[in-house]
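Colleague: Structure provided below as structure tokens; questions to follow.
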Amino acid sequence: MWQAQVFTLYPEVFPGPLSKGLYGKALSKNLWNLKIINIRDAADDKHKTVDDTPYGGGSGMLLKADVLAKSLDQNKIKDHKIIYLSPRGKKFDQDYAQQLSKEKSISLICGHFEGVDERILSTRNIEEISVGDYVLSGGETAAFVIIDTVLRLLPGILGNENSKVDESFENGLLEYPQYTKPQIWEKKAVPEVLLSGDHNKIKHWRLSQSEAITRDRRPDLWQKYKKD
Ligand code: SAH
């Protein structure tokens, strides 16, 4: 069973969308598990203080290393990968999601305020991961992105295993356009080739569409695809 732990100040937002549909079903079948840990439970003082002002000045507060460490240590799982969600981290992508899907257990720390005391990162062997070049107010939405992306890669969770193979990024290309009924809608017809029943022709058409879209929209992916 694949297990995720999230360390958060807002435990009430979980499991949220992850408890719906196929993921909810998989959760009740024990195909995966989500443990939600309130960082505040590790605070010792009567005000349950989790943050403090930064040395050297500056606006905002930082999550305290001692509180986070206690929370992490109390919920330690052997060999679990610990990730701090951070705009400073390595950029999350489909390859990294594949890697995480092979881990038994991951722990995700959702930061808040200005971030965390830097010392927690090296003392607990924590990897920093970013979901993109923008700044969120907290790590929770980033944690959803990571867990959602990994879950759909786990065996038995999605209905149709094939659907994963054709997906954007899986072959280094963006997905080709898709159509469903009605065949003509608002005077727009579905491309003829898709009605031909010729699977080889359809395969070629889809690949050429994927290539054209990738070349046009994502020159970075296109360069990599051509090289490989
Ligand atoms: N002062 C920090 C930003 C803090 S934002 C900086 O300049 O780098 C508050 C929290 O939101 C962070 O601790 C982090 O957990 C989360 N967060 C913000 N943007 C993120 C991103 N792009 N990816 C992952 N987590 C992010």
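Colleague: Test each condition in (1) closer than 30 Å to TYR10 by Cβ; (2) at pLDDT below 95; (3) among the hydrophobic types (A, V, I, L, M, F, W, C) for VAL145 and report the one that comes out false.
Modeller: (2)
Colleague: Which of the following residues is touching an Asp or Glu at 6+ places or on another chain (Cβ under 6 Å) and touching a residue at least 40 places away in the same chain (Cβ under 8 Å): GLY16, GLY60?
Modeller: Of GLY16, GLY60, the one residue that is touching an Asp or Glu at 6+ places or on another chain (Cβ under 6 Å) and touching a residue at least 40 places away in the same chain (Cβ under 8 Å) is GLY60.
Colleague: Here is a further query. Is it fair to say ASP41 is of a type outside the set (Gly, Ala, Ser) and modelled with pLDDT of 95 or more?
Modeller: Judged against the criteria, ASP41 is a match.
Colleague: Still on this model: Output the number of residues of segment 147-200 satisfying the condition of being charged (D, E, K, R), within 20 Å of the chain's Cα centre (by Cα) and assigned to a loop (DSSP other than H, G, I, E, B).
Modeller: Looking only at that region, the number is 5.
Colleague: Given the residues ASP44, ASP95, which is the only one that is within 30 Å of ASP166 (Cα to Cα) and surrounded by fewer than 17 Cβ atoms within 10 Å (Cβ to Cβ)?
Modeller: ASP95 is the lone residue from the list that is within 30 Å of ASP166 (Cα to Cα) and surrounded by fewer than 17 Cβ atoms within 10 Å (Cβ to Cβ).
Colleague: Just wondering, is there one or more residues in segment 17-29 that are within 14 Å of ILE109 (Cα to Cα) and of a type in the set (A, V, I, L, M)?
Modeller: No, the conditions are met nowhere in segment 17-29.
Colleague: Would you pick out the residues in segment 205-222 that are surrounded by 12 or more Cβ atoms within 10 Å (Cβ to Cβ) and either out of contact with any helix residue (DSSP H, G or I) (no Cβ under 7 Å at 6 or more places or on another chain) or of a type in the set (A, V, I, L, M) (or both)?
Modeller: Scanning segment 205-222 gives ARG206, LEU207, GLN209, SER210, GLU211, ALA212, ILE213, ARG218, LEU221.
Results for (1) surrounded by 13 or more Cβ atoms within 10 Å (Cβ to Cβ); (2) within 17 Å of the chain's Cα centre (by Cα); (3) under 30 Å from GLU175 (Cα atoms), shown as yes or no for each residue.
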residue: LEU9; (1), (2), (3): yes, no, no
residue: PRO15; (1), (2), (3): yes, yes, yes
residue: ASN30; (1), (2), (3): no, no, no
residue: ILE36; (1), (2), (3): yes, yes, no
residue: ALA69; (1), (2), (3): yes, no, no
residue: GLN74; (1), (2), (3): no, no, no
residue: LYS81; (1), (2), (3): yes, yes, no
residue: GLY89; (1), (2), (3): yes, yes, yes
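Colleague: How many of the residues in segment 128-153 are on the phi < 0 side of the Ramachandran plot, within 12 Å of the ligand (Cβ to nearest atom) and surrounded by fewer than 19 Cβ atoms within 10 Å (Cβ to Cβ)?
Modeller: Summing the residues that are on the phi < 0 side of the Ramachandran plot, within 12 Å of the ligand (Cβ to nearest atom) and surrounded by fewer than 19 Cβ atoms within 10 Å (Cβ to Cβ) in segment 128-153 gives 10.
The values are calculated or read from the model by the stated rules, or taken from the named source; none is laboratory data. What you are looking at is a predicted structure, and each value in this text was computed from that prediction instead of being measured. Neighbour counts run over all protein chains shown; Cβ positions are idealised from the backbone, glycine included.
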